[in-house]
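Data block below; observations after.
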Amino acid sequence: MSACLDISNLSATLPSGQRVLRSVSLTVQPGEVRALVGESGAGKSMIGKAVLGVLPPSVRIVEGAIRLEGTDLGALSAKERRRLIGAKAALIPQDPLTALNPSRRVGPQMTDRLVHILGWAADKADRRVRQLLDEVHIREPDRVMKAYPHELSGGMRQRVLIAAAFASEPRLIVADEPTTALDVTVQKQILRLIAQLQQEHGTAILFVTHDLGVVAKVSQKVTVLYAGKVVEEADTPALFANPQHAYTRALMAATPKYTDPQASLKPVDESVLAGLAAEIAVADHDWRPHG
Amino acid sequence: MAEPLFKVSGLKVALPDMTRKPLIGSAPLVEILKGLDFELPRRSVTGIVGESGSGKSTLGRALVRLIEPSAGSIHFEGRDIAHLPEGELRPLRRNLQMIFQDPMSSLNPRRTIGAIIAAPLKLNGLGDNLEQRVAEALSRVGLPESFASRYRHELSGGQRQRVGIARALALSPDFVLADEIVSGLDVSTQAQILTLLEKLADEMGLTVAFISHDLSVIRRLCRQVIVMRQGEIVEQGPTDALFADPKHAYTRDLIAAIPLPEIDDEWLKAG
C-alpha cells in the first residue's frame with residue numbers, strides 16, 4: 001500500500017534564490033500521526049502549506065515531489081490539484097478566530113466545503129456536519145451552527161474546526177499548531193478529541209508543533225526540522241529515549257520540565273548552531289536545482 | 001527584610017463591561033478581581049499562574065497602578081497606593097517597572113533602541129552621561145553597545161525582549177512586573193531570557209511578579225506562587241511545598257494537563 005503522504009526531496013525558494021525548504025523527505029502512512037517539530041522559521045508550516053497547495057506566491061517549489069495517496073500533485077493541472085487536495089486533505093488551523101469568517105454564522109462555514117468543493121447536496125452536508133458536531137461532543141448543534149464565531153469560546157471554536165476538518169472524511173489532515181492558542185486544560189481536551197477522531201476515522205495526520213510535550217503525547221513518528229532541513233527522523237518513543245542529533249538533544253535541554261524544576265535551562269549551544277550552519281552550508285553547496 | 005514589599009488585602013477590581021453597555025448611559029460593572037489577599041516578599045520572584053480570564057494580568061496592572069482598584073488596599077513599602085492620585089504616584093513609578101509580553105508592540109518602531117532605553121532615564125532626571133547609562137543597560141542584558149543605534153525591526157525576538165528588560169531595569173527599580181514575557185518565544189530563546197531574568201533579579205535584588213500560564217516555567221523560576229481562577233486566589237504558598245502537595249483540585253487539574261516531553265500512553269486517556 002502506498003503512503004498517504006509522500007514528500008520526496010522537496011526544495012522551495014524565495015525570489016532571492018534562498019532556499020526555505022532544503023530537500024525535505026518524509027512520509028505519513030495511512031492512519032499514522034507524524035509530528036513535524038522545530039523552532040519558528042524552521043519551515044514546518046511551510047511544508048503543511050505546500051501539501052495543501054496554499055504556499056504564498058513568493059515561494060516556489062523548485063525540486064521534488066508531493067504525492068497524496070500515490071498521485072503526484074506536481075503532475076496535475078491547477079484545477080485537478082485543487083479538486084484532489086479538497087477531496088483527500090483538510091486543515092485544522094492554529095487560530096480558530098482568524099480561520100472563521102466573523103460575519104457569517106458557523107453552520108454554513110462548516111458545510112461550504114462539502115457543498116461547493118465536493119458537490120454534496122445541502123441537506124446531506126447539513127446531516128453530516130451535525131453528526132460530526134456530535135462526535136466532538138457539542139450537544140446543541142442548532143445553537144452552535146446558528147452562532148457567530150465570537151459567540152463561542154476558544155475551545156468550542158476549535159471543536160467546530162475539528163468537526164469541519166473530519167466532515168469530508170479526508171485521508172490526511174494537516175494540523176498546524178492546533179492548540180497553541182489554548183489554555184492547558186482545554187489543550188488536553190482538544191488533543192484527546194483529535195486523537196479519538198483520528199483513530200475512529202483512520203485518518204493520517206501531519207501534526208505541526210513547536211512543543212516537544214505535544215509531540216510526545218500525540219505522535220507515532222516525528223521529524224525534527226531546522227532552517228528548512230530535516231535534522232532527525234524517528235519513531236517518537238525512540239526520539240525521546242535516544243535522540244541522535246545534537247540539535248534534538250539541545251531542544252530537549254532547553255524545554256522546562258515540570259517534573260524536574262532544578263534542571264538548568266540551557267539555550268541551544270553555540271557549537272550546536274555552528275554545526276547546523278556547517279551542515280546547511282554543505283547541503284547548499286552540493287545542491288543544484290533540477291540537477 | 002521581614003517586611004514584604006507589597007501587602008495586598010481585600011483587592012477588588014471592577015471594570016465596565018462594554019459588551020453589555022446600553023446605547024445611552026454607562027456600562028454595567030463586571031468584577032474582575034473578587035477580593036484578593038497576598039504579600040510579595042522582597043528580593044524574591046513570585047509566580048502568578050492561571051488560565052486566560054483568571055484575572056492574572058489585571059492583578060499585575062493593579063499592582064503597578066495602571067488601573068485603580070474598586071476596593072481594598074495595596075501597601076507598597078508600607079504606604080497604601082490603591083487610590084493615590086497620579087501626581088503622587090509619579091515619584092513612585094520609577095520603582096514600579098514592567099516588562100511586556102510582546103516587545104514588538106511595546107517598543108516604538110520609529111525610535112532607536114538607545115532612545116527607547118534613554119526615555120525613562122531622562123524623565124527621572126538622569127539625563128547626564130546618557131550614552132554611558134544606555135550602554136550599561138544594554139550590557140547588563142548581554143547586548144553590545146552598538147545596538148543603541150538600531151531599530152526594533154533589526155532585532156530578533158529574543159533581542160527585543162532583552163531591550164524590554166533593559167528599559168525596565170535602567171532605573172534600578174525595586175519592583176518589576178513581568179507579564180507573560182516568554183510566551184511568544186522559542187524554547188531556546190525562552191531559556192536565555194529566563195536565565196537572564198533570574199541572574200539580574202539576584203544581582204539587583206529585585207522583587208518580581210512573574211505572570212505566566214506555564215507551570216513548568218513557574219516551578220523552575222519562582223520561589224512563591226499564587227494560583228488564580230476566575231478572579232480569586234485558589235491557592236498560594238512557597239513553590240516547593242505547593243507543587244509537592246497541591247491542596248486544591250484546580251491546581252491538580254492544571255498540573256495533570258501539562259503535556260510533559262516524555263512518552264506516556266495513558267496521558268491522553270486519563271483525566
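Read the figures in this text as sums done on the coordinates, not as results from a lab. Just so it is clear, the model here is predicted, and its values are computed rather than measured. Reconstructed Cβ throughout: ideal geometry from the backbone, glycine too, with neighbour counts over all protein chains shown.
Taking the Cβ of residue B:89 as the centre, find all other residues whose Cβ is under 14 Å away and add up their charges (Lys, Arg: +1; Asp, Glu: -1). Don't jump to the answer; show the numbers that get you there.
On the way: positive: B:61, B:65, B:79, B:90, B:93, B:94; negative: B:68, B:77, B:80, B:86, B:88.
Neighbourhood net charge equals +1.
Counting Lys +1, Arg +1, Asp -1, Glu -1, what net charge surrounds residue B:201 among other residues with beta carbon under 15 Å of its beta carbon?
Counting the neighbours of residue B:201, the net charge comes to +3.
Given the Cα-Cα distance of residue A:139 and residue A:117 and 0.36 nm per residue of separation, how much length would full extension add, in nm?
Working: separation 22, 0.36 × 22 = 7.92 nm, distance 2.75 nm.
Extending this stretch completely gives an extra 5.2 nm.
Given only helices, namely DSSP H runs of n ≥ 4 each adding -39500 (n - 2.57), what is the per-residue ellipticity at 222 nm of chain A, to the nearest 500 deg cm²/dmol?
On the way: 12 runs with 122 residues, N = 291.
The per-residue figure over chain A is -12500 deg cm²/dmol.
Can you compute log10 of I(q)/I(0) for the range B:72-182 with the Debye formula, treating each Cα as one identical point scatterer, at q = 0.17 Å⁻¹?
Log10 I(q)/I(0), no solvent term: -0.82.
Non-local amide H neighbours of residue A:4 (under 5 Å, H modeled in plane, Pro and chain starts lacking H): which ones?
The list, which skips near neighbours in sequence, is A:28, A:29.
May I ask you to list the residues of the range B:43-80 whose amide nitrogen lies under 15 Å from a point 7 Å from Cα along the Cα→beta-carbon direction of residue B:14?
Once the point is set 7 Å along Cα→Cβ of residue B:14, B:68-72 turn out to lie under 15 Å by backbone N, inside the range B:43-80.
If you average the sequence gap of Cα pairs under 8 Å that are 6 or more apart and divide by the length of chain A, what percent do you get for the contact order?
Numbers: 488 pairs, mean separation 72.1, N = 291.
Result for chain A is 25 percent.
Residue-wise, which Karplus ³J(HN,Hα) couplings in Hz belong to the range A:46-54, taking 6.51 cos²θ - 1.76 cosθ + 1.60, θ = phi - 60°, and x for glycine or proline?
Those phi angles translate into 4, 5, x, 5, 4, 5, 8, x, 10 Hz.
Quick one: what are the phi-derived ³J(HN,Hα) couplings along the range A:200-212, Karplus 6.51/-1.76/1.60 with θ = phi - 60°, whole Hz, x for glycine and proline?
5, 8, x, 7, 8, 10, 9, 9, 7, 7, 9, 9, 4
As I understand it, the dipole of the range B:160-203 uses +1 on the Cβ of Lys and Arg and -1 on the Cβ of Asp and Glu, about the Cα centre. Which of B:175, B:187, B:201 lies farthest toward its positive end?
My answer, from the dipole projection, is B:187.
Please list log₁₀ I(q)/I(0) at q = 0.18, 0.22 Å⁻¹ for the range A:89-153, using the Debye equation with identical point scatterers on the alpha-carbon positions.
Ignoring solvent entirely, the Cα scatterers give -0.69, -1.05.
Using only the alpha carbons of the range A:73-189, determine the length spanned along each of the three principal axes and report them from longest to shortest in whole angstroms.
Its Cα atoms span 44, 32, 26 Å along the three principal axes.
Using a Förster radius of 56 Å, what is the FRET efficiency between residue B:34 and residue A:71 based on their Cβ-Cβ separation? Nearest 0.05, please. Mind showing how you got there, number by number?
Numbers: r = 59 Å, r/R0 = 1.05.
Rounded to the nearest 0.05, the efficiency is 0.45.
Springs between alpha-carbon pairs under 10 angstrom, Gaussian network model over chain A: which of A:70, A:107, A:119 fluctuates most?
A:119
Excluding residue B:151 itself, calculate the net charge of residues whose Cβ lies under 13 Å from the Cβ of residue B:151, where each Lys or Arg counts +1 and each Asp or Glu counts -1. Mind dumping the intermediate values first?
Working: positive: B:110, B:111, B:150, B:152, B:160; negative: B:154.
For residues surrounding residue B:151, the net value is +4.
Size of the dipole of the range A:112-171 about the Cα centre, Lys and Arg at +1 and Asp and Glu at -1 on the beta carbon, nothing else charged, in debye to 20?
80
Quick one: Karplus J couplings for the range B:237-246, per residue in order, coefficients 6.51, -1.76, 1.60, θ = phi - 60°, nearest Hz, x for Gly and Pro?
Result, ordered by residue: x, x, 4, 4, 5, 5, 7, 5, 8, x Hz.
Greater than 21 Å separation of Cα atoms is the criterion. Which listed pairs, A:188/A:217; A:188/B:34; A:221/B:269; A:79/A:124; A:79/A:229; A:49/A:266, meet it? Write out the running numbers ahead of the final one.
Values: A:188/A:217 10 Å; A:188/B:34 28 Å; A:221/B:269 19 Å; A:79/A:124 25 Å; A:79/A:229 30 Å; A:49/A:266 32 Å.
From A:188/A:217; A:188/B:34; A:221/B:269; A:79/A:124; A:79/A:229; A:49/A:266, over 21 Å: A:188/B:34; A:79/A:124; A:79/A:229; A:49/A:266.
Tell me, what is the percent relative contact order of chain B, built from C-alpha pairs under 8 Å that lie six or more residues apart?
Numbers: 476 pairs, mean separation 66.8, N = 271.
Reported as a whole number, the value is 25 percent.
In terms of modelled amide H atoms, which long-range or inter-chain residues lie less than 5 Å from the amide H of residue A:33?
Here A:205, A:220, A:221 satisfy the definition.
Quick one: among A:143, A:192, A:159, which has the greatest mean-square fluctuation in a GNM of chain A with alpha-carbon springs under 10 angstrom?
Of the options given, A:143 has the highest mean-square fluctuation.
Okay, helix-only estimate at 222 nm for chain B: each DSSP H run of n ≥ 4 adds -39500 (n - 2.57), divide by all residues, round to 500 deg cm²/dmol; what do you get? Please report the intermediate quantities before stating the final value.
Working: 10 runs with 94 residues, N = 271.
Dividing the helical sum by the residues of chain B leaves -10000 deg cm²/dmol.
Taking chain A as a Gaussian network, Cα atoms linked when under 10 Å apart, which of A:124, A:79, A:44 shows the biggest mean-square fluctuation?
Between A:124, A:79, A:44, it is A:79 that shows the largest mean-square fluctuation.
Using the basic label-point model (7 angstrom from Cα toward the beta carbon), what is the residue A:235 to residue B:79 distance in nanometres?
6.7
Can you list the residues, at least 5 places off or on another chain, whose amide H is less than 5 Å from the amide H of residue B:226, using H built in the peptide plane?
Excluding prolines and chain starts, which carry no amide H, the hits are B:47, B:48, B:49.
Out of the DSSP beta bridges found with both residues in the protein assembly as shown, what percent are antiparallel (nearest 5)?
Restricted to the protein assembly as shown, the bridges split so that about 55 percent are antiparallel.
With r defined as the distance between the Cβ atoms of residue B:172 and residue A:287 and R0 fixed at 41 Å, what FRET efficiency is calculated, to the nearest 0.05? Write out the running numbers ahead of the final one.
Details: r = 52 Å, r/R0 = 1.26.
So the FRET efficiency works out to roughly 0.20.
Among DSSP beta bridges whose residues both lie in chain A, state the antiparallel percentage, nearest 5. Before the final figure, lay out each step's value.
Numbers: 21 of 39 bridges.
Around 55 percent of the beta bridges assigned by DSSP in chain A are antiparallel ones.
Provide the gained length on full extension for the span residue B:264 to residue B:204, in nm with one decimal, where the gain is 0.36 nm per separating residue minus the Cα-Cα distance. If you can, show how the numbers build up before the last one.
Working: separation 60, 0.36 × 60 = 21.60 nm, distance 4.14 nm.
Value of the extension gain: 17.5 nm.
Can you tell me how the range B:5-125 classifies by the Cα gyration tensor, rounded, prolate or oblate, using a/c under 1.5 as the rounded cut? Walk me through the intermediate numbers first.
Numbers: a/c = 1.66, a/b = 1.24, b/c = 1.34.
Here the range B:5-125 falls in the oblate category.
First obtain the Kirkwood hydrodynamic radius of the range B:215-263 from its Cα pairs, then insert it into the Stokes-Einstein equation at 4 °C and 1.567 mPa s, and state the resulting D in µm² per second as a whole number. Present the calculation step by step, with values, prior to reporting the outcome.
On the way: Rh = 11.4 Å.
D = 114 µm²/s.
Using all alpha carbons of the protein assembly as shown, what is the percent of pairwise distances in each 20 Å bin, ordered from the shortest bin to the longest?
Computed distribution, short to long bins: 19, 49, 30, 3.
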